[in-house]
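Only the coordinates and a few stated rules stand behind these numbers; no lab work does. All values derive from a computational prediction rather than experimental measurement. Positions of Cβ are generated from backbone atoms using ideal geometry, with glycine treated the same way; all protein chains shown enter the neighbour counts.
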Amino acid sequence: MPRDLFAELNAVAISAPVQNGSLVFRNGDPGSAAYVVRSGRIALIWCHSGHVYPMDTLGPGRIIGLPAVFNGEFSATAKAVEDSVLGFIQAGEVLRMLESDPSLMQAATRLLGQEVARMRTMIPRIASDGRLPLVAKP
C-alpha cells in the first residue's frame, strides 16, 4: 500500500505561521526546504520581465517546494493569500525520507510528474494570450 507523502512530511514538519501577504520563498532562492500547507492558502506566482503571473493557489493537504528539494532552487514565488500555517521540512530531511522509503519516493515522483503535466497544459495558454490562469478556490 503506498504511503501518504503529505502525512509523512506533516508528521515531521515544524509549524510555521505565515501572515497574509507574506512571502514564503522567491523564485531563485536556494531550495532549502519543502512545506506542507496545514491551513490557509498559498499562491504560487511566476515573475518574468516585470510581470507577475499567477500559477496556482494551494490549500490544506498540499505540498509546496518539492521540486526545489531535488534541484536546489525554487522555480516560483510562494505568497500567503490568507493567514496560513505551514509545516517546514528541511530539504536534507525530505531527501533522507524519500531515499529510505521507495513508496514515498514513488509518491514524490508521481506528484512531480503531475506538476510537469499541469505546467505543459499551461504552455498553449501562455502562447495564445500571454497569461497564466489563476486556479480558483477549491
Interchain or long-range residues, amide H under 5 Å from residue 47's placed H: 53, 77
Charge-dipole axis of the chain as Lys and Arg at +1 and Asp and Glu at -1 on Cβ define it, positive-most pick from 48, 108, 19: 48
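Dipole magnitude of the chain about its Cα centre, charges +1 at Lys/Arg Cβ and -1 at Asp/Glu Cβ only, in debye to the nearest 20? Write down the numbers at each step before the final one.
Numbers: 13 positive and 12 negative charges, 80 e Å.
Value, rounded to 20: 380 debye.
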Order of 63, 14 under a 10 Å beta carbon neighbour criterion, fewest first: 14, 63
Derived scalar couplings ³J(HN,Hα) [region 82-96; Karplus, 6.51 cos²θ - 1.76 cosθ + 1.60; whole Hz; x for Gly, Pro]: 7, 3, 9, 10, 10, x, 9, 10, 4, 3, x, 5, 4, 4, 4
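Roughly how large, in nm² to one decimal, is the mean projection of the convex hull of the alpha-carbon atoms in the chain?
Details: hull surface 33.6 nm².
The number I arrive at for the chain is 8.4 nm².
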HN-Hα J in Hz across region 28-39 - Karplus 6.51, -1.76, 1.60, θ = phi - 60°, x for Gly and Pro: x, 5, x, x, 7, 7, 10, 9, 10, 8, 8, 7
Relative contact order (percent, whole number), the chain, Cα cutoff 8 Å, 6+ residue spacing: 32
Residue 81 long-range amide H proximity, modeled H, under 5 Å: 21, 41, 42, 43
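Could you give the length gained on full extension between residue 119 and residue 49, defined as 0.36 nm per residue of separation minus the Cα-Cα distance, in nm? Provide the component values of the computation, followed by the final result.
Working: separation 70, 0.36 × 70 = 25.20 nm, distance 1.92 nm.
Result for the pair: 23.3 nm of gain on full extension.
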